[in-house]
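Note sheet for the following structure.
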Amino acid sequence: RARPRRLRQPRRRRPRCRHRARRPRRRRRRAAVRHARCPRRRCRRHCPRRRSCRRPRPSPCPRPRQPAHPRRHVCPCPQHRPVCRAALRASGARPPAPQVDPRDGSVLFSAAVYGVCFSLESFGALYAAQHSLVLDEAAFARRLWGDAWRLPSGVFVGKAPKAGAPRTFVELVLAPLYKLAALALSAPDADSLRAGLHAAGVGGQVDELALAYDPKPLLRAVLSAFVGPPTAFADACARHLPSPEAAAPAKVAAVYTGDQATAAGAGMLACDPAGPLVACVAKLVHEQTCERFDCLVRVLSGTLTPGMAVRVLGEGYCAEDEEDSAQRTVGELFLLQGRYRLPITSAPAGSWCLASGLDGSVLKSATIVDAHAAAPDIAICRPLRVAARSVLKVAIEPLRPSELPKMIDGVRKLCKAYPALQSHVEESGEHVLLGTAELFLDCALHDLRVLYAKIELKVADPAVCFCETVADTSALRCSARTPNGKNGLAMIAEPLEPLLAAHAEEGKVPLGGSKAELAAYLKTTHGWDALAARSLWALGPGGSTGCNALLDDCLPSEADKGLLGLVREHIVQGFRWGTREGPLCDEPMRNVKLKLVGAQICAEPIHRGGGQLIPTARRVAYSAFLTASPRLLEPILAVELTAPADCVPAVYTVLARRRGHVVSDAPRAGTPLYVMRAFLPAIDSFGFETDLRAHTQGQAMCVCVFDHWDTVPGDPLDRSIVLRPLEPQPVPHLAREFMVKTRRRKGLSADVSVHKFFDEDTLSRLAQLTGAP
């Protein structure tokens, strides 16, 4: 029997929301603030008549923007309509980045070689003056950029009247400049040039003597006379940059380290010329003789005058230690104008000036306050932070030993002139300069020979800075006794979390705040438990910054917490001393977490002083470090290379010879060039640019900057490795080679002495663990 045919039921559709507008679906414009869907699940889009929103509403917008396309479906709820930047800032959302546009004067067109600087508005004013026109300069400037064409009748249109028609910027701006340049360079004689300049309307503005100049000075004279003085730059600064008074709150929050509720803080926030004097030294500029320096000062509050008695606060000044401060008298004040200096009588709040007579107390940056300012009411401005890290170094000494004082004085001046340059003296007595790149050190050594020291120098082979780290947790609990035998400490070492190390180095860890604040930060940001979050003692090797951590992991049954708190400062000093000079080759430690797991402190104060505990804390930190698989870290440079396409294989070859590798390469649009980004070890970067140019016939260019630290392959404590002189070592032997050569250069023994850092008890337990006799 044939089965009856089953009728197909009509498909049931989901009912439409009765609040939804019956319009064809179009692509909605994205709002500045996004929120959840409409609480009603049936409504696929934001419901215009809903009563509540899941997220909190931002503050009302003073000037609500209208949607660009009114016909599109835009939710009228204030949470979903586009709002202005003020409402975004009030709601906590990040406002969009400011944009620049030639039509509003925020983009300038300039050529310093030819003395030309103008904006579209200034060029419009020039055009109106030459043609005796009365027009709106701002409206005219908007028609000089973008898709705008001018008809023969003078009407501006937004569509090209014919194919190949030049836009208004090409027709009205570039074409006159090109014609003047062609006239100045190709005029057969002075009479024809003079006639052409009169026809262009600048005949009387060009000096008659300039007509006999060479082509390049003549072109500069003609173009600068046509464009006029560069007032567009000053107009753009006044229009688009905030005034010192308006930018004072943001500036003070960025540079001042003290309390803003004091009188000095209020004066800086208001940019008050009558308030207490607070000024920040941003840079030192040498005089013409290079014997003294003038301070480039930004006055944040008060007024700076010549002959004023002030107090100079160095970078190491704090309320507890006022040693880094000095009383000085301000000499002359100048307004820096390129290579010229204009004397002034005063510098009120919000101004920049050059101040003489203060360089004796300033190394790189400083803070200037009133002479009678007290410590609780003042603080220093944050020292300047350079973008690149100084990881390359060279050792220098005078050619004649009798000129050593001259070299030391010249190095002191050189460090003032170069903010990123650092200098120190090794234990072997050699003077070392640290810079950011090879070219940077070449320039610094040239200035030291020619300008500051004026002597001949002997320069050693360049080297790099290393760091010491651990790859595992300590194999055993390391202990050490004080020289008097009354106290004992025990520690273990393990790697520190990379994110916490980065935050600690940037100063984001609130170590100076309350314990509750620090514990909350460690628990929420880094996932520490409550006990570990409250046991962080210090960061090292800096005071409040550093990428190493010391934790108190002692149980109450293993140590007397009361006595341990009394000697905490001595243990912290020993920890910072040890992290500043590691046991492998006297280089700083990095990403190391040291845990104090045991302490025996004598109850008598005379037996637990700093002379007993500080060296002991350093020694036990070294022993814990050496039992945790120590490794060396080397600096890695980020290299950006630009070369033609046929030179790309040669670039790969040069990088491979120096342990470098390319991470990305792509052609640059509109050019026959390739842009490659690579990583290169800093120790193999010496002579890299010369080698690169030799292999590419000078067609490749590179820019190197420090990027990160990476582990050197191999074990630096592997004594089975035999280093052969004058032979390149294989990659697994590099860590051993770098450690031995660095120790020899510093005057240390070739290998690390285990008996120097370990006690007898620790040595016996270590021998049992490793099976050594």
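The values are calculated or read from the model by the stated rules, or taken from the named source; none is laboratory data. Predicted model only: the values in this text are computed from it and were never measured. Quick reminder, even Gly has a Cβ in these numbers, built from the backbone with ideal geometry, and neighbours come from all protein chains shown. Ligands, DNA and RNA are stripped out before the accessible areas are found, and what is left, the full protein with its side chains, is counted by its heavy atoms. Shrake-Rupley method; radii C 1.70, N 1.55, O 1.52, S 1.80 Å.
In units of the rule-of-thumb radius 2.2 N^0.38 Å, segment 321-465 shows an alpha carbon radius of gyration of 1.24.
Quote the relative contact order of segment 223-353 in percent (integer), defining contacts as alpha-carbon pairs under 8 Å separated by 6+ residues. Working shown, then result.
Values: 196 pairs, mean separation 25.9, N = 131.
Once normalised by length, the contact order is 20 percent.
Between segment 634-694 and segment 403-430, the C-alpha centres lie 33 angstrom from each other. Considering only alpha-carbon pairs that sit under 8 angstrom and 6 or more positions apart, the relative contact order computed for the chain is 7 percent.
Angle of helix 404-417 to the longest C-alpha principal axis of the chain, folded into 0 to 90 degrees and rounded to 10: 50°.
Per the 1.4 Å probe, what fraction of the accessible area of the chain, in percent, lies on carbon and sulfur atoms? Accessible surface attributable to carbon and sulfur in the chain totals 54 percent. The reciprocal of the average 1/r between distinct C-alpha atoms defines the Kirkwood hydrodynamic radius, which for the chain equals 33.3 Å.
What do you get for Rg/Rh of segment 678-773 when both radii come from the Cα atoms and Rh is the Kirkwood radius? Spell out each step's value before the answer.
Values: Rg = 19.4 Å, Rh = 17.0 Å.
Rg/Rh: 1.14.
Protein heavy-atom accessible surface, 1.4 Å probe, per residue over the chain: 56 Å².
In 5 Å bins starting at 0, how do the alpha-carbon pair distances of segment 140-286 split up by percent? Pairs per bin, as whole percents: 1, 7, 12, 11, 8, 10, 9, 8, 8, 8, 8, 6, 3, 1, 0.
Using just the alpha carbons, could you tell me how many Å³ per residue the convex hull of segment 196-259 encloses? Show your work: numbers first, answer last.
Working: hull volume 9.0 nm³, N = 64.
So the per-residue hull volume is 141 Å³.
Looking at segment 522-669 from every direction and averaging, what is the projected area of its Cα convex hull in nm²? Don't skip to the answer; put the middle values down first.
Values: hull surface 54.1 nm².
Its average projected convex-hull area is 13.5 nm².
When the alpha carbon coordinates of segment 641-718 are projected onto the principal axes, the ranges are 52, 23, 19 Å, largest first.
Label separation (Ala138 vs Thr473): 6.8 nm, computed from points 7 Å beyond Cα along the C-beta direction. Reported to the nearest whole Å, the Cα centre-to-centre distance from segment 321-361 to segment 178-215 is 46. Computed over segment 643-699, relative contact order equals 39 percent, with contacts defined as Cα pairs under 8 Å that lie 6+ residues apart. Computed from Cα atoms alone, the Kirkwood hydrodynamic radius reported for segment 360-436 is 14.9 Å.
Helix 515-526 axis versus longest C-alpha principal axis of the chain: approximately 70°, rounded to the nearest ten. Compactness of segment 391-501 is given as radius of gyration and Dmax, 20.4, 58 Å, from Cα positions.
Between the helical axis of 244-255 and the longest alpha-carbon principal axis of the chain there is an angle of about 20 degrees.
For n ≥ 4 DSSP H runs only, could you compute -39500 (n - 2.57) per run for the chain, divide by its residues and tell me the 222 nm figure to the nearest 500?
Details: 21 runs with 217 residues, N = 773.
One gets -8500 deg cm²/dmol as the mean residue ellipticity at 222 nm.
Translational D (Stokes-Einstein, µm²/s) of segment 690-734 at 20 °C and 1.002 mPa s when Rh comes from the Kirkwood sum over C-alpha pairs? Each step should come with its number before you reach the end.
On the way: Rh = 14.1 Å.
The Stokes-Einstein estimate is 152 µm²/s.
Taking the alpha carbon gyration tensor of segment 470-533, multiplying each eigenvalue by 5 and rooting it gives semi-axes of 28, 16, 12 Å, largest first.
Using alpha carbons only, how many angstrom separate the centre of segment 115-139 from the centre of segment 271-310? First find each Cα centre; the distance between them is then 39 Å. Here, segment 312-400 is characterised by an Rg to Rh ratio of 1.05, where Rg is the alpha-carbon radius of gyration and Rh the Kirkwood radius.
Across segment 395-400, coupling constants 3J(HN,Hα) worked out from phi with the 6.51/-1.76/1.60 Karplus curve, θ = phi - 60°, read 9, 10, 7, x, 5, 9 Hz, and Gly and Pro carry x.
Principal axis extents of the Cα atoms in segment 593-668, from largest to smallest and rounded to whole angstrom, are 77, 22, 18.
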